[in-house]
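Below: one structure, written as structure tokens.
The values are calculated or read from the model by the stated rules, or taken from the named source; none is laboratory data. Not measured: the values here are computed from a predicted model. Positions of Cβ are backbone-derived with ideal geometry, glycine not excepted, and every protein chain shown enters the neighbour counts.
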């Protein structure tokens, strides 16, 4: 930790693990306070299940990028508590998105644990229809997480200017992910050659929501001077695309023991991804027909999934891997000329490396 | 309309219809702007369906109470546009709550129109499972309405102080309704004699969410002096309880042609209401057993529903009607000593009358 007065000769590297610990500390304390409040007296299961879900894992990429955006715009260490709390509020919003997303995708596991609707169904297994109860309770708990994420921000003791600027960025971020979710939903079970549509979904759901807006949030909280936001966006766009393209590969080829989620779900749902669009574009007619028959079959077995994987590998996987490499290189080039402190550039390069090499 | 300088000799009555028109105008313009935005280019159906839902009806009680709270705390006519917009944002939040509530309650109609999940299912009737698609799309559209409601507030051009105070009230309001929804959910299909539990659900879902918090929101926006909020709460508590007790009666005895919703749903879902709790408390054992057999039966037919109604009428309906009258009188007494302008007191008495006599 540096003191408030001394500028270190060489920049200390940004300690991402320490930021994560502080973000998790904020989330933990917030949920403890909610559980301890006597009025309104909440059923314990709401805070228990929210906690289990939040602390089962997760990359915390959005709060980390928020803090890096803040550093990039000149925010100095140690990171003030209001900034950590604003970053934590983004993670709690994300939990809300995932809780609803898992209902929509009918997912059983996330982060190697039962999804929230499954956990709620298990707690209420004596109901007439526990599955339906779990889904409905998870709609409410997701809504509550969304409401709480706003409260976490509003109580962060930001200045009036910081709050106003943050709300503008967050209004955009929250709408972006919903647009992305909706586009995803209407194309699911309708895979096609339409690569542009697949990239459009990525732009809302991942580029804007996961990378651009969290970086921008941190930057406005630090009162970024002109040029900083633009430089962050020049990095965020390619790395956000790379992130989602890698995610799509992991959804099909990932090891469930590492990713914590099924490797059949995307295929069974018939997700319209860049991988699938490219496969349909480049497959021979017979392969394309076979793929279209298999994708979106909710009963797809592991043998049929392997057939899908073979076709996808033969037609599209190397293309997607090349897209990821190209975008990784673009993101790195964007950092070459960015007006950020050296330590921030290093940290963002590290994030880019992790994005393209991760297997979880 | 009064001028900014002249105090009228006798207070002009508060024109509730005019407030409603302005609130609806804000909502309409906001959705038009969203539909017209080229980036992000939304599927038209999202704004179309949100608009259809918002303008199919609705009592607008929350925005009206917000504006009345503002008047009560000394806010002068004409109501400034930022206050109207803040009131409208509460209505848009409420739309989000209803969209999700209708999924949870499996409701087909609301405001005499198809519910949002049914409307989305109808638009996508060529899907493999339109019902499932409609529910999932409505989860996302409900989330989006929630996100938009926050944006509507944040862009209302409130002062920094107004915004901070408003967010504190709204954080409470939004959590209150979610707690109430959750308590409602876990008691549904589990009707019992527990009147306290039924009244607890009412306190979160209706008293706080529908009456107290909207009035408080308006009051803090006007910079209420001490005493005003307390007086508003003294009115809001009994009238909120009366509102929900009347709603529970309408859910069972209402004319679907007037209420715009089914008169079988609450019985089929087995809602745990004060009406049902009192019936089980005061019924003879055979009646109670029969009621417990019928309530929560998803296949309940109209003959069985009539049997439920007979038992409820014989054991509980007059008690609930008496509770409503008592609370109406309490609310009126609370207004006798309230430090509000006379016109506001008149308007709040009018609201109380409407609450207890309404049949929609």
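Does segment B:262-270 contain any residue that is under 23 Å from residue B:307 (Cβ atoms) and in contact with a strand residue (DSSP E or B) (Cβ under 8 Å, 6 or more places away or on another chain)? The answer is yes, given that some residue of segment B:262-270 is under 23 Å from residue B:307 (Cβ atoms) and in contact with a strand residue (DSSP E or B) (Cβ under 8 Å, 6 or more places away or on another chain). Set side by side, the residues B:52, B:112, B:48, B:105 differ, and just one is more than 30 Å from residue B:166 (Cα to Cα), away from chain A (no Cβ under 12 Å) and within 23 Å of the chain's Cα centre (by Cα), which is B:112. Just checking, how many residues over segment A:78-93 are touching a residue at least 12 places away in the same chain (Cβ under 8 Å), surrounded by fewer than 19 Cβ atoms within 10 Å (Cβ to Cβ) and over 9 Å from residue A:156 (Cα atoms)? Of the residues in segment A:78-93, 1 are touching a residue at least 12 places away in the same chain (Cβ under 8 Å), surrounded by fewer than 19 Cβ atoms within 10 Å (Cβ to Cβ) and over 9 Å from residue A:156 (Cα atoms). For segment B:150-163, a residue qualifies if it is on the phi < 0 side of the Ramachandran plot and either crowded, with 19+ Cβ neighbours inside 10 Å or more than 7 Å from chain A (Cβ to nearest Cβ) (or both), and the qualifying residues are B:150, B:151, B:152, B:153, B:154, B:155, B:156, B:158, B:159, B:161, B:162, B:163. Examine segment A:221-234 for a residue that is farther than 21 Å from residue A:277 by Cα, crowded, with 22+ Cβ neighbours inside 10 Å and without any contact (Cβ under 8 Å) to a residue 60 or more places away in the chain, and state whether such a residue exists. Checked against the condition, which is being farther than 21 Å from residue A:277 by Cα, crowded, with 22+ Cβ neighbours inside 10 Å and without any contact (Cβ under 8 Å) to a residue 60 or more places away in the chain, segment A:221-234 yields no hits at all. Restricting segment A:34-57 to residues that are in a loop (DSSP other than H, G, I, E, B) and under 15 Å from residue B:179 (Cα atoms), the residue that is modelled with the highest pLDDT is A:37. Here residue B:53 fits the description: under 22 Å from residue A:139 (Cβ atoms) and touching a strand residue (DSSP E or B) at 6+ places or on another chain (Cβ under 9 Å). Of all residues in segment B:306-334, exactly one satisfies the criterion of being farther than 25 Å from residue B:199 by Cβ and either in contact with a helix residue (DSSP H, G or I) (Cβ under 9 Å, 6 or more places away or on another chain) or outside any helix (DSSP H, G or I) (or both), namely B:307. Just checking, which of A:120, A:170 is more than 9 Å from chain B (Cβ to nearest Cβ) and over 19 Å from residue A:276 (Cα atoms)? A:120 is the lone residue from the list that is more than 9 Å from chain B (Cβ to nearest Cβ) and over 19 Å from residue A:276 (Cα atoms).
Among the numbered conditions (1) buried (at least 21 other Cβ atoms within 10 Å of the Cβ); (2) in contact (Cβ under 8 Å) with a residue 60 or more places away in the chain, the only one that residue B:266 does not meet is (2). Of all residues in segment A:175-185, exactly one satisfies the criterion of being more than 7 Å from chain B (Cβ to nearest Cβ) and more than 16 Å from residue A:210 (Cα to Cα), namely A:183.
Of all residues assigned to segment A:335-350, at least one qualifies as being away from every other protein chain (no Cβ under 14 Å), assigned to a helix (DSSP H, G or I), free of Cβ contacts under 8 Å to residues at least 24 places away in the same chain and surrounded by fewer than 15 Cβ atoms within 10 Å (Cβ to Cβ). Considering the conditions (1) more than 30 Å from residue B:80 (Cα to Cα); (2) facing chain A (nearest Cβ under 7 Å); (3) over 23 Å from the mean Cα position of the chain (by Cα), residue B:139 is excluded by exactly one of them, (3).
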